[in-house]
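The values are calculated or read from the model by the stated rules, or taken from the named source; none is laboratory data. Keep in mind that what you see is a predicted model, and the values were worked out from it rather than measured. Here the Cβ positions follow ideal geometry from the backbone for every residue, glycine too, while neighbour counts run over all protein chains shown. Calculation scope for accessible area: heavy atoms of the full protein, side chains included, ligands and nucleic acids excluded. Shrake-Rupley method; radii C 1.70, N 1.55, O 1.52, S 1.80 Å.
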Amino acid sequence: MSAIIDNTPSAIVWMQEELKLLDQRQLPQLVVYLQLDDVAAVADAIRQMVVRGAPAIGITAAYGVVIAARQRYAENRQTWQRDLEPDLELLAAARPTAVNLCWALQRMKTLVLTLEGDPFGALEAEAILIHQEDIAANQKMAGLGADLLVADSAVLTHCNAGALATGGVGTALGVIRAGFASGKIDQVFADETRPWLQGARLTAWELVQEQIPVTLLCEGAAARLMQQGKIGWVIVGSDRIAANGDVANKIGTLSLAVLARHFGVKMMVVAPSSTVDMQLASGDLIPIEQRGADELLELEGKRIAAEGAQAWTPAFDVTPAELVDVIVTERGVVWQPSLEKMKSLMG
Ligand code: MRU
């Protein structure tokens, strides 16, 4: 299959030894890049969701380590490895659910411990490799996922699992891009994805630029959509997949999976192997990030909820493996995921 192209501006740009992030808080109104000059700014950008989406967070953290190590080495050539520890911890704490963050940091740390002399070149090369591997994984998954679809499919996606959430063409949106390019997908429905509106602001923006027909709905309309037989697949990404195949993804994914099973719609999860956490036996153990109440009570900084109301704001939920029909990774496809099948996938 030929490479799938996307026209979305890159979420992460590493150029001339500087890190720039597309500020996703301002999309789709403004396309603005922020330059991040120190590790605290990188951690803050992840926490504030300047950059978001599990693979993109991991790649950003890897570049964050390059920036931090450059600084620490300039300050003290003898103790820089030890001095880097708090920086790694700061980055790791920025967002808890997407395991790609810890996966990328662990990879960088393993390299840090082997280095002598100026670490910049080796760490920069490793971060770029993590970035490039994600681009390649996206391409592979796009083809594998699209192969599972039949002609003239309509699909529903949730949150943003596109170019903005990864280094490449996206996970779920990579499959959707490939499915559209091969004529298998003719209509995409996208949940607006309350409360941060990744679907309305980011997914719709990406698809409109590709001239892929996209129709937004509020999450509450998904049952009606499925009841009317309008879609064949729900296609989503993931922030962490446990060893038994349980899937953490944007809050609302579990509702879609329950509905999909009820209405005979298939559920596809698309994620690179860096999202699989074989250390966690089941999804119950996945830490779930709680976002600030303002994200629900306010819209664009303006209070919309009744004064005095409180908010419950888990950013992710966990879909049990039994509700997932297929997990697509760059290593291959797992139907009806289970511990045995995930072990065999991950080696
Ligand atoms: O809170 P976000 O926007 O970082 O959440 C992102 C998601 O839940 C995505 O679906 C997931 O990270 C997969 S992205 C390829």
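Residue-by-condition table, conditions (1) at pLDDT 95 or above; (2) buried (at least 19 other Cβ atoms within 10 Å of the Cβ); (3) within 12 Å of the ligand (Cβ to nearest atom):
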residue	(1), (2), (3)
THR203	yes, yes, yes
GLU210	no, yes, no
PRO213	yes, no, no
GLY229	yes, no, no
ALA243	yes, yes, no
ALA248	yes, yes, yes
ILE251	yes, yes, yes
LEU259	yes, yes, no
Check: Take the residues of segment 151-166 that are modelled with pLDDT of 95 or more and either part of a strand (DSSP E or B) or more than 10 Å from the ligand (Cβ to nearest atom) (or both): which is farthest from ALA271 (Cα to Cα)?
Finding: ALA154
Margin query: Suppose the filter is part of a loop (DSSP other than H, G, I, E, B) and under 23 Å from LEU148 (Cα atoms); does GLY245 pass it?
Written below: yes
Item checked: Filter result for LEU296 (out of contact with any strand residue (DSSP E or B) (no Cβ under 7 Å at 6 or more places or on another chain), over 30 Å from LYS341 (Cα atoms) and not in a strand (DSSP E or B)) -> yes
Notebook entry, point to check: Of all the residues that make up segment 126-142, how many are away from the ligand (no atom under 16 Å from the Cβ) and either open to solvent by 10 Å² or more (accessible area, probe 1.4 Å) or part of a loop (DSSP other than H, G, I, E, B) (or both)?
Noted result: 4
Next item on the list: Please find, within segment 263-277, the residue that is least open to solvent (accessible area, probe 1.4 Å) out of those that are away from the ligand (no atom under 14 Å from the Cβ) and in contact (Cβ under 8 Å) with a residue 12 or more places away in the chain.
Entry: VAL265
Margin query: Can you confirm whether ALA178 is in contact (Cβ under 8 Å) with a residue 40 or more places away in the chain and within 16 Å of the ligand (Cβ to nearest atom)?
Written below: yes
Item checked: Within segment 108-125, tally of residues that are touching a residue at least 12 places away in the same chain (Cβ under 8 Å) and part of a helix (DSSP H, G or I) -> 7
Notebook entry, point to check: Would segment 98-107 turn up any residue that is open to solvent by 70 Å² or more (accessible area, probe 1.4 Å), in a helix (DSSP H, G or I) and within 26 Å of ALA45 (Cβ to Cβ)?
Noted result: yes
Note to self: Quick check on my filter: what residues within segment 33-85 are of a type in the set (S, T, N, Q) and open to solvent by less than 10 Å² (accessible area, probe 1.4 Å)?
What the structure shows: THR60
Next item on the list: Check off (1) part of a loop (DSSP other than H, G, I, E, B); (2) open to solvent by 20 Å² or more (accessible area, probe 1.4 Å); (3) within 14 Å of the ligand (Cβ to nearest atom) for LEU280 and give me the number that stays unchecked.
Entry: (3)
